[in-house]
Amino acid sequence: MIEFQHVSFAYEKGRPVLEDISFAIGRGEAVGLIGANGAGKSTVMKLLLGLLTPGEGKILVDGEEVNKQSLAHIRRKLGFVLQNSDNQMFMPTVYEDMIFAPLNYGLSREEAEARVDAVLARLGLTELKHRHNHRISGGEKRMAAIATILAMEPEAILMDEPSAALDPYNRRVVINTIRELTQTKLITSHDLDMILDTCERVILLSDGHIAADGKTESILHDQNLLEAHRMELPFRYAR
Ligand SMILES: Nc1ncnc2c1ncn2[C@@H]1O[C@H](COP(=O)(O)OP(=O)(O)OP(=O)(O)O)[C@@H](O)[C@H]1O
Ligand SMILES: [Mg+2]
């Protein structure tokens, strides 16, 4: 569903952020993308969404290369929550933001509204429905951004730090919701306990390279590996 083939990227000449990155994520797989601050996780997400263009290599979504021509078509398949979800809301209210994509995809207003209401109920956010996006809290915005992509029912879900800014209750709601989703998922987080609960596979990025790619439990149990890349064991495994 998602494939990086020998992708390199630099924001500034001579300062590569990603070097020769290759991985493939199968349909329905749930993958955690982890790594220290500045490792390049958000850059991977932005490349996948066509917000950045690789210097070298290819990125494929569902067999189609991400480029200017394919971008609109590919974006319809991807629901994403960026690290800074503030920039993601473009309608005045939570409801208008959430219903925008379903209406655009040709659902009737009744069908689209039913979908929006179901997602809000599932996330316990019904009270946010008619609130103004710029008058809700940081954590509420994050929840609203997650609700918006769930209402899109995309083929793949990309989440950059979904649990950041969430209180423990909402964090748990989000974890449970992610677990129930059957779509392909790529999730970045420093919340390794959340990654343990939501992803069967982990890709560890470090210094522009993939330092490890494998089963979540084995990578997140490997204290030496994690510490070598400026990370720590998940709380669950720490003594
Ligand atoms: N717009 C930009 N211009 C120049 N350098 C950038 C830009 N955005 C990010 N970088 C640099 O690219 C590297 C990777 O950044 P990126 O945001 O992908 O890291 P990250 O793994 O998502 O980190 P974090 O855990 O802090 O979110 C960092 O060294 C960062 O300083
Ligand atoms: Mg980031």
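The values are calculated or read from the model by the stated rules, or taken from the named source; none is laboratory data. All values derive from a computational prediction rather than experimental measurement. Here the Cβ positions follow ideal geometry from the backbone for every residue, glycine too, while neighbour counts run over all protein chains shown. Protein only, heavy atoms only, side chains kept; ligands, DNA and RNA dropped before computing areas. Shrake-Rupley method; radii C 1.70, N 1.55, O 1.52, S 1.80 Å.
Oblate is the label for the chain, because a/c, from the alpha-carbon gyration tensor with a ≥ b ≥ c as root eigenvalues, is 1.5 or above and a/b does not exceed b/c. Here the chain is scanned for chymotrypsin sites (Phe, Trp or Tyr not before Pro) in DSSP loops (not H, G, I, E, B) that have at most 14 other Cβ atoms within 10 Å, and the longest stretch holding none of them is 106-239.
The convex hull of the Cα atoms of segment 26-107, projected and averaged over all directions, covers 7.2 nm².
Write down the percent of antiparallel bridges among all DSSP beta bridges whose residues are both part of the chain, to the nearest 5. That works out to approximately 55 percent antiparallel. Leaving out ligands, DNA and RNA but keeping every protein chain, what accessible area does Met98 have, in Å² rounded to the nearest 10, with a 1.4 Å probe? Its heavy atoms expose roughly 0 Å² to the probe.
Amide hydrogen proximity for Leu33: with H placed 1.01 Å from N in the peptide plane, the residues at 5 or more positions away or on another chain lying under 5 Å are Ile187, Thr188, Ser189, Ile203. Taking the Cα centre of segment 86-153 as origin and assigning +1 to Lys and Arg Cβ atoms and -1 to Asp and Glu Cβ atoms, the resulting dipole is close to 200 debye. When the chain is treated as a Gaussian network with alpha carbon springs shorter than 10 Å, the biggest mean-square fluctuation among Arg109, Arg75, Arg179 belongs to Arg109. Note on segment 104-140 and segment 5-27: Cα centroid distance 35 Å, given to the nearest whole angstrom. For Ala36 and Asn67, the FRET efficiency from 1/(1 + (r/R0)^6), where r spans their Cβ atoms and R0 equals 35 Å, is about 0.70. May I ask for the percentage of alpha-carbon pairs in segment 86-153 that lie more than 20 Å from each other? Every Cα pair in segment 86-153 considered, those over 20 Å come to 16 percent. Set the Förster radius R0 to 41 Å, insert the Cβ-Cβ distance between Phe235 and Asn104 as r into 1/(1 + (r/R0)^6), and round the FRET efficiency to 0.05. In this case the efficiency is close to 0.50.
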